[in-house]
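Student: Got a structure here, written out as structure tokens. Questions coming.
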Number of protein chains: 2
Amino acid sequence: MIIDCHGHYTTAPPEHDDWRTAQIAAFESGQAPPAPPAISDDQIRESVLTGQIKVQQERRTDLTIFSPRASGMAHHIGDAAVSARWSTMCNTLIHRVCTLFPRNFVGVCQLPQSPGVAPANCIPELERCVLEYGFVGCNLNPDPSGGYWTDPPLTDRWWYPLYEKMVELDVPAMVHVSSSCNPNFHATGAHYINGDTTAFMQFLTSNLFHDFPTLKFIIPHGGGAVPYHWGRYRGLAQDMKLPLLTEHLLQNVFFDTCVYHQAGTELLAKVIPVKNILFASEVIGAVRGIDPESGHHYDDTRRYIDAVPWLNDFDRQDIYEDNARRVYGRLSAQISRQFSVGNR
Amino acid sequence: MIIDCHGHYTTAPPEHDDWRTAQIAAFESGQAPPAPPAISDDQIRESVLTGQIKVQQERRTDLTIFSPRASGMAHHIGDAAVSARWSTMCNTLIHRVCTLFPRNFVGVCQLPQSPGVAPANCIPELERCVLEYGFVGCNLNPDPSGGYWTDPPLTDRWWYPLYEKMVELDVPAMVHVSSSCNPNFHATGAHYINGDTTAFMQFLTSNLFHDFPTLKFIIPHGGGAVPYHWGRYRGLAQDMKLPLLTEHLLQNVFFDTCVYHQAGTELLAKVIPVKNILFASEVIGAVRGIDPESGHHYDDTRRYIDAVPWLNDFDRQDIYEDNARRVYGRLSAQISRQFSVGNR
């Protein structure tokens, strides 16, 4: 089985985003949000059959760990109540996708974060999604301000109540920023990658995994700049008299394969241990074109992994499936549950 | 000749930083700054003979393009007057180093930036350093706020007066942030790398080099995350219907080789054209230890370049010398001038 651990519902029916627009307008004018939109099962089927499932079939992948559109989270808009209402609607929509296509999608939730609001407020929605919907993880935004980085680092005790619940539920978080309202940062070209690099360095300079030995994070987009600067990070840790990164972080921190060229993927596979790499494509995501140099989609990451010459079948089994089953502690049981039902 | 385009005076005599501490304290208590410290030529000689020149000799490099300590710029501290005074002192000290060792160092200046203050205020100091001191470039901080990114992007007209002067003087800028006062960002592990990535994406999404066809920037630290995500950047540009990056940016944007492991350096040399790569080590800089995997210093970047199997002598001549002479338009004349004098 080939599991893509990083897919967002970027093709949701337009009524969903229209509601969000209306919600924001209502907030700004001090009115109550509108009633939820009516979105039919057929609309949802259409949106993924022509989108993510079509791509799964074309690229011979099996299952996508699926979450709301990352740029749509926009935790900096409105307040905690606005964020909570929007998160609930997004997560419920993901649940409907997973219910309609239980052999194609397993859910991961958006959290109702809001700048300056303690992350403990996310616990009820996380519990709801994991316990009621069978979701296997969450997306955690290290910068709810949307590019001004005004909340404490991920290693601050500010975040600990949420981590306690993640550990209790045995769910990891993908560290994933949302859109940027700071004109300095292009979202998918700078803010996303910076968020990844920043989170890794926060982990490196902390004792977080001493406090939470079983807490797990996936850093997306191939780990931001981290594998490219692996020597820098090993050297910085050494100068700080820290343990080797393999001991200090790599029991808890994992990287996805959303790197959109062969040379970058090979660097990832060369410097990061195979056990820490999870297959992902971000499909349908930030980059949608066909690379004229290869003749294939930039984000057809399976081709890159398949073409790394020194990986053997056992390595690929780890990257494509087994690592995801280890990192997402509830995934195997959830797959069994969902596969016993079948697509509707 | 082997030219290292990225060296900072991290070993300045302690009186220099002591004065800075006193300057900040005076500003905070509303008093006049103290008198400049007395730093002797012998102190300066000692500081580089046991530091940067020793490393040059050990690693068989010839000339360092030398600027004040990047983390020391700290443009977010004080106000424009504080920044101006500190920049003048830092640049004057660099000039003294270059005067004492004209065969080892050519100067690049710090700019008196200050958050919220128009960069045009940097023009007099840039002119002074280039015209009086023979400096060949400047370090430009894309985030004078120190990690909150509150000023306009580098592509905003806010910066244009400074760019006009850079073009007139034929000096490039290295895009280099300073220390971070935002607890989210470790300086050398996150803020530096993020600054590089951010600047590149600002350039990508702009028409800056249409407006300034001869303006040149060096992005340090191997270009941040950019080469690792080169497919992402090519794909994003393609989705935006922009020209190929080679045409759109690579006449104006260059990358240094401050990447501290062999695999990362090989990625850089694989995806970025040789003409866009300038040798650099950041010595004595962010990472000071010896890599137990190689037995050599992490920042001994010459070893990595020498070991890239597919580079030939012409490529290395470009990377080690000729590209720097092209990008720093005043460098060759300045080298001739300084070498005609000789070390004192």
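Student: Whose amide H sits under 5 Å from the amide H of B:Thr150, counting only residues 5 or more places off or on another chain, with H placed in the peptide plane?
Tutor: The list, which skips near neighbours in sequence, is B:Ser145.
Student: Assuming R0 = 41 Å, what is the FRET efficiency of B:Arg325 and A:Ser332, from their Cβ-Cβ distance, to the nearest 0.05?
Tutor: With a Förster radius of 41 Å, E is 0.10.
Student: Could you tell me what percent of the DSSP beta bridges with both partners in the protein assembly as shown are antiparallel, to the nearest 5?
Tutor: Of those bridges, close to 10 percent are antiparallel.
Student: In cubic angstrom, how much convex hull volume per residue do the alpha carbon atoms of chain A span?
Tutor: It comes to 133 Å³ per residue, whole-number rounded.
Student: Now for a different question. Copy-to-copy spacing for A:Gly116, label 7 Å out on the Cα-to-C-beta vector, in nm, shortest first?
Tutor: So the label point of A:Gly116 gives 1.8 nm to the other copies.
Student: While we're here: Sequence neighbours fewer than 8 away in the same chain don't count; with that in mind, list the lysines whose C-alpha is under 18 Å from B:Lys165.
Tutor: B:Lys216
Student: Towards the positive end of the charge dipole of the stretch B:38-103, with charges on Cβ (+1 Lys, Arg; -1 Asp, Glu), say which of B:Thr99, B:Ala74, B:Gln52 has the farthest Cα.
Tutor: The Cα lying farthest towards the positive end belongs to B:Gln52.
Student: What's the magnitude of the charge dipole for the stretch B:2-58 around its Cα centre, counting Lys and Arg as +1 and Asp and Glu as -1 at the beta-carbon? Answer in Debye, nearest 20.
Tutor: With only Lys, Arg, Asp and Glu charged at Cβ, the dipole is about 80 debye.
Student: If packing is taken as the mean number of other Cβ atoms within 10 Å per residue, what is the order of B:187-199, B:121-133, highest first?
Tutor: Final packing ranking: B:187-199, B:121-133.
Student: Taking amide hydrogens as modeled 1.01 Å from N in the peptide plane, which residues meet the under 5 Å criterion relative to B:Asp4, leaving out close sequence neighbours?
Tutor: B:Asp62, B:Leu63, B:Thr64, B:Ile65
Student: What is the distance, in nm, between label points placed 7 Å from the Cα along the Cα-to-Cβ direction at A:Ile24 and at B:Glu247?
Tutor: 3.4 nm
Student: Considering just Cα atoms, how many Å³ per residue does the convex hull of the protein assembly as shown enclose?
Tutor: 153 Å³
Student: Provide the gained length on full extension for the span A:Glu15 to A:Arg96, in nm with one decimal, where the gain is 0.36 nm per separating residue minus the Cα-Cα distance.
Tutor: Extra length from A:Glu15 to A:Arg96 when fully extended: 27.7 nm.
Student: Counting only other chains, what is the mean number of Cβ atoms within 10 angstrom of the Cβ of each residue in peptide B:286-292?
Tutor: Per residue, the number of nearby Cβ atoms from other chains is 5 on average.
Student: Something else now. Note down the relative contact order for chain B as a percent, whole number, built from C-alpha pairs under 8 angstrom at least six residues apart.
Tutor: Taking the mean separation of contacting Cα pairs over the length of chain B, I get 19 percent.
Student: Hey, another quick one. Helices from chain B with mean Kyte-Doolittle at least -0.5 and a Cα length along the axis of 20 Å or more, per DSSP H: which?
Tutor: Qualifying helices, which must be both long enough and hydrophobic enough, are B:80-100.
Student: Among the aspartates and glutamates, which have Cα under 15 Å from the Cα of B:Lys54 when same-chain residues fewer than 8 positions away are ignored?
Tutor: Straight-distance partners of B:Lys54: B:Asp4, B:Glu46, B:Asp62, B:Glu282, B:Asp299, B:Asp300.
Student: What translational diffusion coefficient, to the nearest whole µm²/s, does the stretch B:201-344 have by Stokes-Einstein, given a Kirkwood radius computed over alpha-carbon pairs, a temperature of 10 °C and 1.306 mPa s viscosity?
Tutor: Diffusion coefficient, whole number: 96 µm²/s.
Student: So how strong a dipole does the stretch B:1-96 carry about its Cα centre when Lys and Arg Cβ are +1 and Asp and Glu Cβ are -1, to the nearest 20 debye?
Tutor: 200 debye
Student: Read phi for every residue in the stretch A:108-125 and hand back ³J(HN,Hα) as whole Hz from Karplus 6.51 cos²θ - 1.76 cosθ + 1.60, θ = phi - 60°, with x for Gly and Pro.
Tutor: Computed from phi, the couplings for the stretch A:108-125 are 9, 9, 7, 10, x, 6, 7, x, x, 9, 4, x, 4, 5, 8, 4, x, 5 Hz.
Student: Next question. Considering the dipole of the stretch A:8-142 built from charges on the beta carbon (Lys and Arg +1, Asp and Glu -1) around the Cα centre, which of A:Thr88, A:Gln113, A:Asn141 is farthest to its positive end?
Tutor: A:Asn141
Student: Compute, for the stretch B:186-344, the length of the dipole vector about the Cα centre, with Cβ point charges of +1 (Lys, Arg) and -1 (Asp, Glu) only. Units Debye, rounded to 20.
Tutor: Magnitude of the dipole: close to 440 debye.
Student: So, one more: At 7 Å along Cα-to-Cβ for each site, give me the label-to-label distance between B:Cys181 and B:Thr150 in nm.
Tutor: Output for this residue pair reads 0.8 nm.
Student: How much length, in nm to one decimal, is gained on full extension between A:Lys54 and A:Glu132, taken as 0.36 nm per residue of separation minus their Cα-Cα distance?
Tutor: Contour length minus the Cα-Cα distance gives 25.3 nm.
Student: Continuing with the same structure: Sequence-distant or interchain residues sharing an amide H contact under 5 Å with B:Gly107, placed H: which?
Tutor: B:Phe66, B:Val136
Student: To continue, here is another question. Report the one residue of A:Phe339, A:Val259, A:Met240 whose Cα lies farthest in the direction of the positive end of the charge dipole of the stretch A:240-344 (charges on C-beta: Lys and Arg +1, Asp and Glu -1; origin at the Cα centre).
Tutor: Of the candidates, A:Phe339 comes out farthest on the positive side.
Student: For A:Val341, place a label point 7 Å from Cα along the Cα-to-Cβ direction in every copy; what are the distances to the other copies, in nm, shortest first?
Tutor: Counterpart label points of A:Val341 in the remaining copies fall at 7.8 nm.
Student: For the residue pair A:Asp306 and A:Asp170, what label-to-label distance in nm results when each label sits 7 Å from Cα along the Cα-to-beta-carbon direction?
Tutor: Distance between the two pseudo-spin positions: 3.4 nm.
Student: Each residue of the stretch A:71-76 in turn: what ³J(HN,Hα) in whole Hz from Karplus with 6.51, -1.76, 1.60 and θ = phi - 60°, glycine and Pro shown as x?
Tutor: For the stretch A:71-76, the Karplus-derived couplings read 5, x, 4, 6, 4, 7 Hz, x marking Gly and Pro.
Student: Compute the label-point distances linking A:Thr21 to its equivalents in the other copies; points lie 7 Å from Cα along Cα→Cβ; give nm, one decimal, shortest first.
Tutor: Output for A:Thr21: 5.8 nm, nearest copy listed first.
Read the figures in this text as sums done on the coordinates, not as results from a lab. Just so it is clear, the structure is predicted and the values come from calculations on it, not from any experiment. Glycine gets a Cβ as well: all are built from the backbone with ideal geometry, and neighbour counts include every protein chain shown.
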